[in-house]
Amino acid sequence: MALRSTHLFIFFFFITISLFFTSAFSNLILSKVERRIDLTSQIVRTISTLKVENEGPDMVSEVLLCFPDYQAQKLAFFLVSPNDGKGKSKSSTTSLPVQGVKPEGMPPSLTFYSVSLPKGLSKGESIILDVFAVFTHSLQPFPEQITQADIQLVLFQDSAYYLSPYEVKFQSLSVRLPSPRVESYTKLQNTKLVDSEIKYGPYENLPAFSYEVVVVHYENNRPFAVAQELVREIEISHWGNVQITEHYNLVHGGAHNKGGFSRLDYQARPHVRGVSSFRHLLAKLPPRAHSVYYRDEIGNISTSHLRGDSRKTELELEPRYPMFGGWKTSFTIGYGLPLQEYLFESEGKRFINISFGSPMQELVIDNLIVKIVLPEGSSDVSVSVPFSVKQLEEVKYSHLDIAGRPVVVLERKNAVPEHNMHFQVYYKFSGLSLLREPLMLISGFLFLFITCIIYMHADMSISKSSASYLAKLQWDEVQATLQQVQNIINRCLGVHDKLETSLRDLSRTGDIQACKAARKAADSYLKELAKDLKPFLTFLQSCPQAAQIWPKVEELVAKVKEIEEKLMMKHIMVVDSYEKKSGGREIENKVAALQQKLTTLRHEVDDILEVIDEI
């Protein structure tokens, strides 16, 4: 009901306009209008062939074209060219200048464009114009949500009459559909459906601003691939390569999928259980494209097929999952091109001549950003684009860059395949700048080699006559002496452990003579160790470098000597008790205090050894 109310409002609105503005542009009339609307994809393309005649006395040099605002907001591409009238294929490749205007007294709900004619029209003269317009997001899915197995139906709205500020003598309209299946369409006088084409007209003698709403509800399962954002980076290297990297954020712009997704059903019958989805995208890359890759955030995507020869290169992309309505995916494709086929020179400047848009077929791009990265050292940069774009400048730093590489950023909203035209970026670049990076690499390696040679041949050792060198030698000698002292002390402690072992053997075997022999051997060995230790202690005592460590060494030797004395005393007491046939409990009581003292001294010796190790 809301859609019908909108149509009625538009109808009565343009009827009112036609009553007030029929004589606004009475000099010109449209003697014949042939309109063709192509609805075979998600992009709406209209071609209108207009025969414009001047019936007034004044010469006319411009023609006004108009669109309702709801259509003008979705207008992506607009081209007007003269036609010599010998057939559809004879349209001129030269487009006429077009600019937006706001004529006085015109309704604000219309958007007007002024087309400058190649020459003025005098009274009775005529010209044939081909008006080519491309619209995006003009097809409304209805219903807006479908299941996996449903077909996709869309609504299209336009006028059966050509909306113009001029009187139209004769006109007709044909609407081409992707298939013969049509749910419904507006039936007017002289309307017929033939296969997959709806024909309206002919209609004659219609006043200016005539408008008759027609709505077509039909099946359209073509891919509704929409790039919400495409960042296309073109990096120029004067070493012979043009590297192109394209980052896509893609969404299926058709009716949203509801009720979940069954992989089993899709695999079994993809053309039935996934008819509204798309599985493949086709990118027509330039000839001789090389080093092609296709990946996303996870990594390389192997489900792609590359075909090519000297005339074309086609890349068939398959996302990781089938794309249903509302589903999104992101991926990156990249490839290289030979520089000599795209870089030229003119009037002392170099220029790159390359295509602007995406190589994807039938892709709608909501926001297209093209970045042209020029070599470092480029200057006096200018751009020539055959349509309006937003231009910015950036700087990109890469390996071995000093000042950075100039980047020209071109941004275009609502881009379609028709924008895939060639554009030019002009700049100045000195051939000497090409040698900058190789010279930097050579200089860097040369500096590294010279540094290594100097290092290998230079004497970095400290002078043997310097005070620091002598101090280092003395400290090394002190450390060696400390190591010898530690070794002798550890051997003394080992002898002490053997004396303790002999007492345990005495308690087990009762062999007093063996115990006495062990004590005698230990006493003799300890005296030899004391004799060996004496010169080291004398050196440490007299050496200034050992002034801080000497007190600890002196304390260590005293503690070890005390352990030796206490241990010998314990050994004598235990052996005498065994000779007197004393009991085990009695022997333990006699040596208990002595044993406690020995344990304390051993712990103190261990602590001092740890301190010396740290020093």
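Hey, can you tell me all the residues within region 204-239 that are open to solvent by less than 20 Å² (accessible area, probe 1.4 Å) and among the small types (Gly, Ala, Ser)? Write out each step before concluding.
Initial filter on region 204-239 (open to solvent by less than 20 Å² (accessible area, probe 1.4 Å)): 208-211, 213-214, 216, 218, 220, 224-227, 230, 232, 234, 236.
Answer for region 204-239, where residues must be open to solvent by less than 20 Å² (accessible area, probe 1.4 Å) and among the small types (Gly, Ala, Ser): Ala208, Ser210, Ala225, Ala227.
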Exercise for the section: Of the conditions (1) surrounded by 13 or more Cβ atoms within 10 Å (Cβ to Cβ); (2) modelled with pLDDT under 80; (3) out of contact with any Gly (no Cβ under 6 Å at 6 or more places or on another chain); (4) not acidic (Asp, Glu), Cys492 clears all except one; give me its number. Expected result: (2)
Exercise for the section: Run Gly201 past the list (1) in a strand (DSSP E or B); (2) at pLDDT 90 or above; (3) open to solvent by 10 Å² or more (accessible area, probe 1.4 Å); (4) not aliphatic (A, V, I, L, M) and report the number of the one that doesn't hold. Expected result: (2)
Problem - Residue that is at pLDDT below 80, open to solvent by less than 50 Å² (accessible area, probe 1.4 Å), among the hydroxyl-bearing types (Ser, Thr, Tyr) and out of contact with any strand residue (DSSP E or B) (no Cβ under 9 Å at 6 or more places or on another chain), where the choices are Ser582, Ser577 - result: Ser582
Practice task
Check Val131 against each of (1) in a strand (DSSP E or B); (2) without any contact (Cβ under 8 Å) to a residue 60 or more places away in the chain; (3) open to solvent by less than 40 Å² (accessible area, probe 1.4 Å) and name the one condition it does not meet.
Solution key: (2)
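So which of Glu362, Glu345 is among the acidic types (Asp, Glu), open to solvent by 30 Å² or more (accessible area, probe 1.4 Å) and not in a strand (DSSP E or B)?
Values: Glu345 fails: not in a strand (DSSP E or B).
Only one candidate qualifies: Glu362.
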Problem - Cβ pairs under 9 Å, 6+ apart, first in region 580-606 and touching a residue at least 40 places away in the same chain (Cβ under 8 Å), second open to solvent by 60 Å² or more (accessible area, probe 1.4 Å) - result: Gly584/Ser507; Glu604/Glu555
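Regarding region 49-61, can at least one residue be identified that is in a strand (DSSP E or B), open to solvent by 10 Å² or more (accessible area, probe 1.4 Å) and farther than 14 Å from Ser126 by Cα? Give the derivation first.
In the first step, residues of region 49-61 are kept if they are in a strand (DSSP E or B); the result is 49-54, 60-61.
Narrowing further to those that are open to solvent by 10 Å² or more (accessible area, probe 1.4 Å): 49, 51, 53, 60-61.
Subsequent filtering for residues that are farther than 14 Å from Ser126 by Cα retains none.
So far as region 49-61 goes, no, none of its residues is in a strand (DSSP E or B), open to solvent by 10 Å² or more (accessible area, probe 1.4 Å) and farther than 14 Å from Ser126 by Cα.
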Problem - Filter pass, Asp38 being at pLDDT 55 or above, more than 23 Å from Val214 (Cα to Cα) and not aliphatic (A, V, I, L, M) - result: no
Exercise for the section: Report whether or not Leu392 is in a helix (DSSP H, G or I), out of contact with any Ser or Thr (no Cβ under 7 Å at 6 or more places or on another chain) and free of Cβ contacts under 8 Å to residues at least 60 places away in the same chain. Expected result: no
Problem - Residue within region 402-414 that is under 40 Å from the mean Cα position of the chain (by Cα), surrounded by 11 or more Cβ atoms within 10 Å (Cβ to Cβ), in a helix (DSSP H, G or I) and in the same structural domain as Glu233 (by the TED database) present - result: no
Problem - Residues of region 147-166 classified as touching a Phe, Trp or Tyr at 6+ places or on another chain (Cβ under 9 Å) and not in a loop (DSSP other than H, G, I, E, B), total - result: 6
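Which residues, taken from region 57-96, are among the polar types (S, T, N, Q), closer than 18 Å to Thr46 by Cα and at pLDDT below 90? Reasoning before the result, please.
From region 57-96, those among the polar types (S, T, N, Q) are 61, 71, 73, 81, 83, 89, 91-95; that's our starting set.
Of the ones still in play, those that are also closer than 18 Å to Thr46 by Cα are 71, 73, 81, 83, 89, 91-93, 95.
If the condition is that a residue be among the polar types (S, T, N, Q), closer than 18 Å to Thr46 by Cα and at pLDDT below 90, then Asn83, Ser89, Ser91, Ser92, Thr93, Ser95 are the ones that fit.
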Problem - Among residues of region 171-192, those that are in a strand (DSSP E or B) and open to solvent by 70 Å² or more (accessible area, probe 1.4 Å), counted - result: 3
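The values are calculated or read from the model by the stated rules, or taken from the named source; none is laboratory data. From a predicted model like this one, the values you see are computed outputs, not experimental measurements. A quick note on method: Cβ atoms are made from the backbone with ideal geometry, for glycine too, and the neighbour counts reach across all protein chains shown. Accessible surface is based on the protein model in full, side chains and every heavy atom, while ligands, DNA and RNA are left aside. Shrake-Rupley method; radii C 1.70, N 1.55, O 1.52, S 1.80 Å.
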